[in-house]
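Inspection log for the structure reproduced underneath, given as structure tokens.
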Amino acid sequence: MVSFESDYIAGAHPAILRRLTETNMESLPGYGTDRYCRSAAEKIRDACKCPEAEVEFLTGGTQTNSIVISAMLKDYQGVVAASTGHISVHEAGAIEYSGHKVLELPQKDGKICAPDLRRFIEEFHEDGNCEHMVFPGMVYISYPTEYGTIYSKKELTDLYEVCREFSLPLFIDGARLGYGLASRQSDMALSDVAKLCDVFYIGGTKVGALCGEAVVFTKGNRPEHFANYVKKRGGLLAKGRLIGIQFDMLFTDDLYFDISHHAIDMSEKLKDILHDAGVPFYLESPTNQQFVIIENKMLEKLKKHIAYSFWEKYDESHTVIRLATSWSTSEEDMILLKEAFALVNPKSIW
């Protein structure tokens, strides 16, 4: 069986594993104060073309979202996000658990837009009862979104202009950032992301690393005593080298971008196979996640050959599933995918 269940089904890129092994017996200080963390942070600043950026390393996406959001908000504030946003739907109430409400906005293909954000903020402040409500304190988006869609540079610029007008920091969840930037439809570089937000993170867990996310504060705005805040919430890794070494490797010789482009190439081939098989798309994304509608009877046969993620119920007889490629997806995986659909419904391919 071949798996397209997610983009973190494999361990780590071989180059990263080799580097972890090579450095394994080095005695290094803890808590991210080692030379590899410093080197990785400097390489990330260079890649972002943001020399003033402050870089912090955390272990996972939900932890990162929860810590960054709660560290930057005041007690009476909440975070604005798309109704389909990761923090809204798939993080088990982690943000609310920190004492901050997720304030949902309407979305289109997973994205929020500047006019809707402006309208939401203006209506909040015009409400005579706003002192009894949760104040919008920051804005959260992900790039790519939950549906694998991406913001154009203009869309992000418009959104950030509204954020700045109302003094709301913009936080970009970059768990799959590499795949978004590598998309053939993307008109943005990492330096653009750094310019058009106040804080973002570069996902490692889903883009070649064993674990780890690199948080980048772009405007000299890292919360005071941030490390203390991270430790209080159980996020300060004693062996910080584990993440530093991985990101140092990912940002050596463009490895992060090379493996991201590979995933996009595989996703384009995956889309071709699905089109040839006559599979209807729920949403055809420009990144590494594809959402298709499968008849339930066909799904029972398909799961004997490939692993996929359930996304949502479409109707009584159909289901939306997600198929994801990654840095580890191979040409052989593509062949097996095509064979799986041929076995389930040969006429749709041959």
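Brief remarks on what is shown
- Unmet criterion (only one of (1) among the β-branched types (V, I, T); (2) over 19 Å from H262 (Cα atoms); (3) free of Cβ contacts under 8 Å to residues at least 40 places away in the same chain) for I335: (2)
- For segment 232-246, the set of residues classified as in contact with a Leu (Cβ under 6 Å, 6 or more places away or on another chain) and under 12 Å from L58 (Cβ atoms) consists of G235 only.
- Summed over segment 181-198, residues that are over 17 Å from K49 (Cα atoms) and touching a Ser or Thr at 6+ places or on another chain (Cβ under 6 Å) total 2.
- None of L237, L242, L210 is in a helix (DSSP H, G or I) and either in contact with a strand residue (DSSP E or B) (Cβ under 6 Å, 6 or more places away or on another chain) or more than 23 Å from Y151 (Cβ to Cβ) (or both) except L242.
- Any helices (runs of 4 or more DSSP H) falling wholly within segment 1-85 and containing at least 3 residues that are within 22 Å of the chain's Cα centre (by Cα), among the aliphatic types (A, V, I, L, M) and closer than 22 Å to S191 by Cβ: 35-48
- Residue match in segment 169-179 (condition: in a loop (DSSP other than H, G, I, E, B), in contact with a helix residue (DSSP H, G or I) (Cβ under 6 Å, 6 or more places away or on another chain), in the same structural domain as A209 (by TED's automatic domain parsing) and within 28 Å of H262 (Cα to Cα)): yes
- Candidate set from segment 319-350 (those that are at pLDDT below 95 and not in a helix (DSSP H, G or I)); member that is surrounded by the fewest Cβ atoms within 10 Å (Cβ to Cβ): W350
- Options N221, N228; residue that is polar (S, T, N, Q), surrounded by fewer than 21 Cβ atoms within 10 Å (Cβ to Cβ) and over 21 Å from G60 (Cα atoms): N221
- The C-beta contact set for segment 1-12 (first residue closer than 12 Å to Q290 by Cα, second residue of a type in the set (D, E) and surrounded by 18 or more Cβ atoms within 10 Å (Cβ to Cβ), distance under 8 angstrom, 6+ apart or interchain) comprises F4/D333.
- Among the residues of segment 40-51, at least one is out of contact with any Cys (no Cβ under 8 Å at 6 or more places or on another chain) and within 14 Å of L242 (Cβ to Cβ).
- Candidates in segment 260-318 are the residues that are among the small types (G, A, S), at pLDDT 95 or above and surrounded by 19 or more Cβ atoms within 10 Å (Cβ to Cβ); of these, the one that is farthest from the chain's Cα centre (by Cα) is S267.
- Flag if G174 is modelled with pLDDT of 95 or more and over 12 Å from the mean Cα position of the chain (by Cα): no
- Given (1) assigned to a loop (DSSP other than H, G, I, E, B); (2) touching a residue at least 60 places away in the same chain (Cβ under 8 Å); (3) charged (D, E, K, R), index of the condition D248 fails: (1)
- As a summary of the residue check, A82 satisfies the conditions (1) among the small types (G, A, S); (2) surrounded by fewer than 17 Cβ atoms within 10 Å (Cβ to Cβ); (3) in contact with a helix residue (DSSP H, G or I) (Cβ under 8 Å, 6 or more places away or on another chain) except for the one numbered (2).
The values are calculated or read from the model by the stated rules, or taken from the named source; none is laboratory data. The structure presented is a predicted model; accordingly, all values stated were derived computationally and were not measured. Quick reminder, even Gly has a Cβ in these numbers, built from the backbone with ideal geometry, and neighbours come from all protein chains shown.
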